[in-house]
Each structure stands twice: as structure tokens, then as C-alpha cells.
Amino acid sequence: MAETPALPEPPDLTETVFKALEDKASLPTGSMIVLGMLAGAFIGLGGMFATIALSGGDELSFGAGQVLAGLVFTLGLVLVLIAGAELFTGNTLMAGPVAAGRVSMGKALKALAIVYFANFAGALLLAGVIFAAGVHEGGDGAVGLSALELGTSKTGRDFLPTLASGVIANMLVCLAVWMAFGGHTVTEKIMAMILPIAAFVAAGLEHSVANMYLLPYAYLVQGTISSAAGTMSFADMAGNLIPATIGNMIGGSIIALAYGWVYPVRQRKGDQPG
């Protein structure tokens with residue numbers, strides 16, 4: 001029987017992640033767009049699953065319901081990392097290779113911008129398809145009510161709390177991505193993702209790409225049900241996505257810069273940033 005490979009030490013894992021990020025920054029634009037749209041849809045599928053989990057009403061306590069939603073939301077990142085896709089929040093780790101001189105700032109920002117808007121397009125398309133499929137009608141409308149309550153709770157926050165929530169959310173997401181790179185099997189990679197992702201969802205933290213699905217879906221649903229949860233506008237959605245995105249960028253950069261500083265990875269011979 002073949003011996004199971006040892007898990008990489010933190011310095012080796014840092015090199016593995018940075019090399020992967022260099023490769024991501026160098027993808028052709030067309031590939032970034034297609035893979036970015038897939039990632040937006042994949043994360044949206046996790047959001048759909050979590051919304052259904054939260055529609056159980058009084059059958060689950062608040063904490064149990066939030067944890068369950070977090071566990072099933074993990075589907076989104078599992079699809080991104082195992083099937084393969086480009087996710088804006090995970091790619092904010094590019095701050096590490098940029099600081100190490102392995103990727104130029106311009107190249108990283110271009111890649112992040114392309115993937116961000118591709119994620120948005122994929123999430124919007126999925127929201128429309130899921131709405132057309134009538135998923136919100138499940139549980140005699142309980143799924144739609146859950147989606148609307150979740151959306152209005154997110155748009156009801158002020159700028160600073162949303163930004164801070166985005167920082168913590170993407171620290172957890174990027175740690176999940178970071179640890180998954182250390183796995184040698186699909187099972188190891190999935191196990192590395194579960195707890196960080198479940199934690200950020202259970203705490204109700206702000207993930208910009210997840211919100212690219214959750215908020216438009218809630219906007220579509222609000223016209224089909226009458227609820228005391230309130231209503232949402234495009235301005236409300238922008239008021240969430242802007243600070244959540246900024247916070248996510250800060251959170252991802254913290255993880256990448258911290259490990260890049262503790263375990264410095266020198267620019268490889270023959271490589272040129274840019």
C-alpha cells in the first residue's frame with residue numbers, strides 16, 4: 001500500500017499557494033471570464049442550499065440553523081476548488097505574490113477586476129434561473145421568505161459593520177482556500193474547507209460573491225410574497241456590496257501578507273513580475 005504523503009509544512013504551503021496565484025494571474029482573459037462566471041454560479045448554489053436550510057422556521061434554534069446553513073454552504077467553495085473556477089475572494093490572496101515581487105500590481109488588479117465582474121455575471125444568471133425554477137415556492141413559500149429575510153438583514157447594516165464583517169469573512173474563506181491547497185486528496189481538501197466556511201456563514205458575515213447571488217435573488221423574490229421583512233432596492237444592494245468587497249480585499253490581503261512575511265518566498269530565478 002502506498003504511503004500517504006505528509007501534509008506540507010507552512011513554508012512549503014506558502015510557496016504552493018503563491019505559485020498557484022501566479023498561475024491564476026497569468027490566465028488568458030477568456031479563461032478568467034468563463035471560470036469566473038462558473039465560480040459565481042457555484043457560490044450561488046451554496047447560497048441556494050443555505051437559504052433552504054434556513055427556511056425551517058421554528059424547527060431549529062437560531063444557532064443550529066445558522067450552523068446547518070454554514071455546513072451546506074460549503075458546497076460552493078468545494079465546487080470552486082475541486083471542479084475548478086476563479087473566485088474573487090480567494091484571489092485576493094494575490095496580495096502576497098505582489099508584495100513578494102512575483103506578480104505586478106497591475107496584473108493582479110486586472111485579474112481581480114475581471115474575475116469580480118465575471119463572478120457577478122455568473123451569480124446573477126444563477127439567481128434568475130433559480131427564481132424561474134420556482135425554488136422560492138418550496139415549503140409553501142418558506143424558502144422565498146427565508147431568502148428575503150436574509151437579503152434585507154444584509155442590506156440593513158451600516159457601512160463600517162459591513163466592511164468589518166467582510167474582513168473577517170474573507171480571512172476565514174482564504175484560510176479555507178489556503179488549507180485546501182495542502183490536501184492531497186479530494187476528501188482532505190473538503191475537510192479543510194468545512195469549518196472555516198461554516199463559521200463565517202453561521203456568524204452571518206459578509207462575502208461579496210455570495211451576496212452577488214443572495215441579494216439579487218431576494219430582490220426577485222420580494223415581488224412574490226408579502227413580508228414584514230421589508231423591501232430592497234438596487235441602492236440597498238450596492239450599499240452592501242461596496243463595503244463587503246472592500247472588507248473582503250482587506251481580509252484576504254491580511255492572510256497572504258502575514259504568511260508571506262513569516263515565510264518569505266523569494267522570486268524564482270528567471271521569473272519577472274508583470
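Every read-out reported here was derived from the displayed coordinates using simple, explicitly stated rules and does not represent laboratory data. Keep in mind that what you see is a predicted model, and the values were worked out from it rather than measured. Every residue, glycine among them, receives a Cβ derived from its backbone with ideal geometry; neighbour counts consider all protein chains shown.
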When the charge dipole of the chain is computed with +1 on Lys and Arg Cβ and -1 on Asp and Glu Cβ about the Cα centre, the Cα farthest towards its positive end, among 205, 93, 171, belongs to 93
Cβ-Cβ FRET estimate between residue 246 and residue 105, R0 fixed at 22 Å, reported to 0.05
0.80
Model label zone, residue 133; criterion: amide N under 15 Å from point 7 Å along Cα-to-beta-carbon; scope the range 48-71
48-53
Order of 15, 59, 86 from fewest to most other C-beta atoms within 10 Å?
59, 15, 86
Going from the alpha-carbon gyration tensor of the chain, what semi-axes, largest first and in whole Å, does one get by taking the root of 5 times each eigenvalue?
33, 20, 16
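Given charges of +1 on the Cβ of Lys and Arg and -1 on the Cβ of Asp and Glu, with all other atoms neutral, how large is the dipole of the chain about its Cα centre, in debye to the nearest 20?
With Lys and Arg at +1 and Asp and Glu at -1, about 880 debye.
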Neighbour-count ranking [beta-carbon atoms within 10 angstrom, fewest first] of 89, 14:
14, 89
Quick one: among 213, 263, 116, which has the greatest mean-square fluctuation in a GNM of the chain with alpha-carbon springs under 10 angstrom?
263
Of the candidates 73, 234, 159, which one comes out as most mobile in a Gaussian network treatment of the chain with C-alpha springs shorter than 10 Å?
234
Which of 187, 16, 29 fluctuates most in a GNM of the chain (C-alpha springs under 10 Å)? That residue is 187
Longest principal axis of the chain (C-alpha) makes with the long axis of helix 105-132 (C-alpha) an angle, in degrees to the nearest 10, of 30
Which whole-number percentage describes the relative contact order of the range 10-261, with Cα contacts under 8 Å and a sequence gap of 6 or more?
30
